Structure formats: structure tokens, C-alpha cells
Amino acid sequence: MNGNDIISLGFGPGPVVGIALSAANLSSERGRRDKDIKLTLSALKEKPKDFLHDEIFGELAQALAKQTVDDEKLKKMLEDTKPKPFKIWGEEGIGNNAIEQMHTAMQLPFAVKGALMADSHLGYGLPIGGVIACDNVVVPNFVGVDIACRVKLTILDMPAKELAGMKDKFKNALLRETKFGKGVEFTRSGRHNHGVMDDPLWDKIELLRNGKNKAHNQLGTSGSGNHFVDIGTIKVFDEELGEGEYVAILSHSGSRGIGHKVASHYHKLAISLMPKQFNHIAAFRNLAWLSLDTDEGQEYWEAMNLMGRYASANHALIHESIIRNIGVNAMSTVENHHNYSWLEEHDGKDYIVHRKGATPAAIGEVGVIPGTMADSCFVVRGKGNAESLCSSSHGAGRQMSRTDAKNSFTWSEWKRVLEEKGIELISAGLDEVPGAYKDIHEVMAAQVDLVDPIAEFSPKIVRMADDGTAED
């Protein structure tokens, strides 16, 4: 017998499949025919209490009895639980599908409080721009497939007016020091070194151990899609950050291929451990969770946090390489995750707060909210709004899919727009043109109760992954 035979008898998903297979194999070794074993398993499935003290099948009966009780408890909780209410910012600009997706997530029994940011749009499992506090539970898809996707802004000790005479030098630095695209990496001899690769967790978890070499090769690289490295000017109107106008570097990327592997692995693991009444509903399969009381939940939490440190190292290396190439000094930096989960206190209790495409905005906390390749990026200081779980938007937010964008726009029209604004585009995909996004100024206007802008960055040289559409 194999696992599929066990599943066909109605067992699973979850660890009971493995326990049942072990019991079946042991029974077979003791001379019982497969036909008789299947009859026993079927009888046990119907009345596990009758087999609790069986020498071979007792462990399976105990596991199944416990699962049945847990399933019934969760089922009762779900029946008695209406979706918890959540506040929406900029609702007029958010599609109904994203709002319904949020409603589904807020029906889960462990979801305590939520919020939807002004840049929200439909996502996988949870809307981009969704924020949810959970009770002792972490949900891989609430974090997202690009774990620890983040932005970093470095203000250089260089007056803004000096950029015009150094654009070629900065452009060459971007071409030399940055790499973009799915799977892109440095050669082993040319790769970067960083202390994050010495973290013992790389060798503790098999998935990380197997991916460590590629992760090392990808240190200091950027992905595809909306990941970018920009050179521009910034106007700072905040004394603490340093008032004035300067040249700055802005980057957006995450944990590269290894982060995607971690996200996919633990999401699939979470699905396998789900109670069956949730597992059979597609909307809930996308929201599979891991309790932090389990080894699996703790392992994901550790891996997620390592991906956060790894993504931070990526940005640090990109900025350091450009600064070294140009020969300038960094004056100050601001950076934050926006695909992550944190242990935070809200309403007097600790929760796991997931922000999938949302910026932490606790009172006084400084963050970065980018626009598009043609629009402003804002450095903001959080107001600590409890209704948003101390969060704000993470950018402008898409207003159309990538496919629709490619079918709706041409490079010729957008290159004129960029030229008129004095922006030089090195490379990008057509699905990333500004018209595919909401107006960043409208998004900012919708969240005046969440953050205060303290600086405004204007892109002047932009590099993103080239999808081959640039010469249309």
C-alpha cells in the first residue's frame, strides 16, 4: 500500500496519512492481506474510538479521534464567526474582488483585526495592501511569495543640482553594479560576501541548506516585475532627517529565489496540515496557516526572519556598490519591509501582524512609499493609527493587470512622458509603465491620518528588469 491508497480511503490531509501508512505496512509485515487492512482502516475511519487500544492501529485511532475533535471545534467556530469588520482607506479606488478577498480572510477564526490600505488590489489569497493581526498563527500567503520585499533609500552627501552633470557616471554605475531579472546571479568568483550568509540557520533547515549557494550568488541582485534601482533627487522638509535637496538612491526588491522557495514550501506544508473542512475550500487553501505552537510554525518563523535579514543585505550591497563606484558618501538611510509579519502588541495583547504590501507606520516610525518610474516617492513618518494596525500603503498600487497593461500601452507614448519629466529609463517591462498604477498623490491623500510625508524623491535614472518590450 502507498499514500494514495490511504488517501483514497478518506484519510488526510495531514500527518494521519503517514501514521496510517506506517500502521498498514506493519500489519502487512505481520501477514495480513491488503484487502483486510483496507477493511480495518475503513472501520477505523468510521469509529476511531473502537481502535484506541489496538496494538497496531491504536496510534492512528488516537490521532484521528483528536483530528475529528479539532475539526468539529474549528467547524463550529467558523459557523459562529462572521467576518470581523475592517476599515478601508481609499475604498473608491479598490476593486470589489480585493474587498471580498479580505472578507474571506477575516472569517478565519484566528484573524483578530484587519485593515485594507489605499493601494490595495487583488492578490493571491490576500489582497496586496491587506493587513491582518492573528492570534498565535502565521500565514505564509499573508506574508507573500516575495518574503521581505522592501525598499531602501540612501540620501547622499551631494547637492541635488550636481546630478545633472553626473548623470552618465550614475548611469554607468547602475549598469555596472546592478543585475536584474528572474534567476539572475553573480558568478561564484564575482559574488558578494556578507555576514548574513554565516547565519547558522542556513545549515539548520534542509530547504535553506540546499538553496544556500544560489542565494549567495544572488546577493546584491534584483528580481523582475516592479523591482527597481533609481537615482534621483530628494527634497527633505524634516529637520530630523536633514532639511535640504540632495541626490539619493532608491531600491525595491526582496529575498530573490530563496525567498520564493521558502514561501512555496511552507505554504504547501500548511495546506497539508489544514483541517479537512478548510482544505476542501479553495479560498481557504490559499490561506493555509501554521500555529506558532508547532515545530512547523516555528521553523517558518525562523526562515522568514532569515529572509528578512537576507533581503536587507541585498539592498545594503546594492547601495554600497553604487556609492563606492561613484565615490560619494551616504548621509542617511531609510528602509522597511512591506511583505512580512511581526510580533506586535495591539489592544494590550501580542499578535502576529501580517502586512502584505503595506508599510509599518507606528508613531514616529519612518518608512518609504514609492510611486512609479515617473512619479514621486515619499518618505513618511507614521502616526500610529490603531485602526490600521499602525500601517500605511506600500506604494501606488496597480490599477490593471500586467497583461492588460501590455495590451493597453506602447513604449512610444510613455517614453515621451519620461522625457518630458527629465527621466532616463535604462530598462523596464511595459507592464510597469505609470499608467498601470494608481495615482500616488491620490493614495497619499487617502491616508493623511496614517502618515506625514517628510521628504519627496523624484526619479531621474531608472533601471528595472528588461522584458524585451522596450523597443516596440
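Listing for the model above:
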quantity	calculated
Loop-resident sites, region 191-295, for GluC sites (Glu not before Pro), counting at most 16 other Cβ within 10 Å (DSSP)	Glu239, Glu240, Glu243
Loop GluC sites (Glu not before Pro), region 418-472, which have at most 11 other Cβ atoms in a 10 Å radius of their Cβ (DSSP)	Glu471
Rg over Rh, two decimals, region 405-454 (C-alpha only, Kirkwood Rh)	1.09
Angle between the chain longest axis and helix 58-80 axis [Cα atoms, degrees, rounded to 10]	50
Contact order relative to length of the chain, as percent, for alpha carbon pairs under 8 angstrom and 6 or more apart	19
Lysines whose Cα lies under 18 Å from that of Lys383, excluding same-chain neighbours fewer than 8 positions away	Lys87
Exceeding the 32 Å Cα-Cα cut-off - candidates Lys261/Lys406; Lys152/Lys212; Lys212/Lys421; Lys49/Lys268	Lys212/Lys421
Potential extension, Asn97-Leu52 segment - 0.36 nm per residue separation minus Cα distance	11.5 nm
Phi-based couplings in Hz for region 430-439 (Karplus 6.51, -1.76, 1.60; Gly and Pro marked x)	4, 6, 10, 5, x, x, 7, 10, 5, 6
Along the chain, longest interval not containing exposed trypsin sites (Lys or Arg not before Pro), exposed being DSSP loop plus at most 10 other Cβ atoms within 10 Å	34-472
Residue order, fewest to most surrounding Cβ atoms within 10 angstrom, among Ser264, Ser412, Ser253, Ser332	Ser412, Ser264, Ser332, Ser253
Region 142-254: C-alpha gyration tensor shape, a/c 1.5 cut-off, then a/b vs b/c	prolate
Alpha-carbon centroid distance for the pair region 350-399 / region 440-462, whole angstrom	10
C-alpha center-to-center spacing [region 189-231, region 248-277] in angstrom	15
Per-residue ³J(HN,Hα) for region 329-341, Karplus 6.51 cos²θ - 1.76 cosθ + 1.60, θ = phi - 60°, Hz, x for Gly and Pro	10, 7, 9, 7, 9, 9, 7, 6, 6, 9, 10, 6, 9
(i) 47, 25, 20; (ii) 30, 26, 24; (iii) 35, 27, 20, with the label sought being that of the calculated semi-axes √(5λ) of the Cα gyration tensor in Å	(i)
0 to 90° range, to nearest 10: angle between helix 167-177 axis and the chain longest Cα axis	30
Within straight-line cross-link reach of Lys161, aspartates and glutamates at Cα separation under 14 Å, skipping those fewer than 8 residues along the same chain	Glu245
Cβ-Cβ FRET estimate between Asp295 and Lys235, R0 fixed at 51 Å, reported to 0.05	0.55
Counting DSSP beta bridges with both ends in the chain, the antiparallel % (nearest 5)	90
Residue-averaged 222 nm ellipticity for the chain, from DSSP H runs of 4+ at -39500 (n - 2.57), nearest 500	-11500 deg cm²/dmol
Reach of Lys47 by Cα under 28 Å, taken over lysines that are not fewer than 8 positions away in the same chain	Lys35, Lys38, Lys66, Lys73, Lys75, Lys76, Lys276
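Each reported figure results from applying straightforward, stated rules to the coordinates on display, with no laboratory input. All values reported here derive from a predicted model rather than from experimental measurement. Here the Cβ is made from the backbone with ideal geometry for all residues, glycine too, and neighbour counts use every protein chain on show.
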